[in-house]
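Everything on this sheet refers to the single structure shown next.
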């Protein structure tokens, strides 16, 4: 009966490690190819990837940044692709490595149309980043009237404070003399239930 020597055992162990790493490597490769297809606007490749039975590729993340496909298309201000991916089941509330949801990224870029698309697909208008800033706080700080209007209509909470300054969107508007119109919009906005909220049981 043949027995394995010391070197044989090391070879066997090495093969086992390679085989164990193969699924993770394949997943990394598939994620990379999918996100590259999104960046390249390759609709056929993206559709093929997300329509495979049981596929969760539409919500895969970039390993280095944590960005999803939605973050990528928001950054290029592409409302058409944003709608397309949301229609394929993309989660509008996933965060990148900096804690930003696609809506927070849209607010940073003054992308009001993108905010509207995300809000219509249950994007959380009151989601916060690592500083506790909401999309509305960011829009107010940018004096972005169009985004403020969309967020308020979608139910954004103008009195939700951040975690760094303890100030809310309304506070920031009130202290900026150039934001009189925005302050007026906030004060006149009718309370609305955020579209991204999930209703609880009625007691």
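Things to note:
- Looking at 94, 85, just one residue is surrounded by 19 or more Cβ atoms within 10 Å (Cβ to Cβ) and either within 8 Å of the chain's Cα centre (by Cα) or not assigned by TED's automatic domain parsing to the domain that holds residue 121 (or both), and that residue is 85.
- Inclusion of residue 106 among residues that are closer than 26 Å to residue 182 by Cα and surrounded by 24 or more Cβ atoms within 10 Å (Cβ to Cβ) is warranted.
- Residue in the stretch 41-56 that is closer than 13 Å to residue 91 by Cα, assigned to a loop (DSSP other than H, G, I, E, B) and in contact with a helix residue (DSSP H, G or I) (Cβ under 8 Å, 6 or more places away or on another chain) present: no
The values are calculated or read from the model by the stated rules, or taken from the named source; none is laboratory data. Keep in mind it's a predicted model, so treat the numbers as computed, not measured. Every residue, glycine among them, receives a Cβ derived from its backbone with ideal geometry; neighbour counts consider all protein chains shown.
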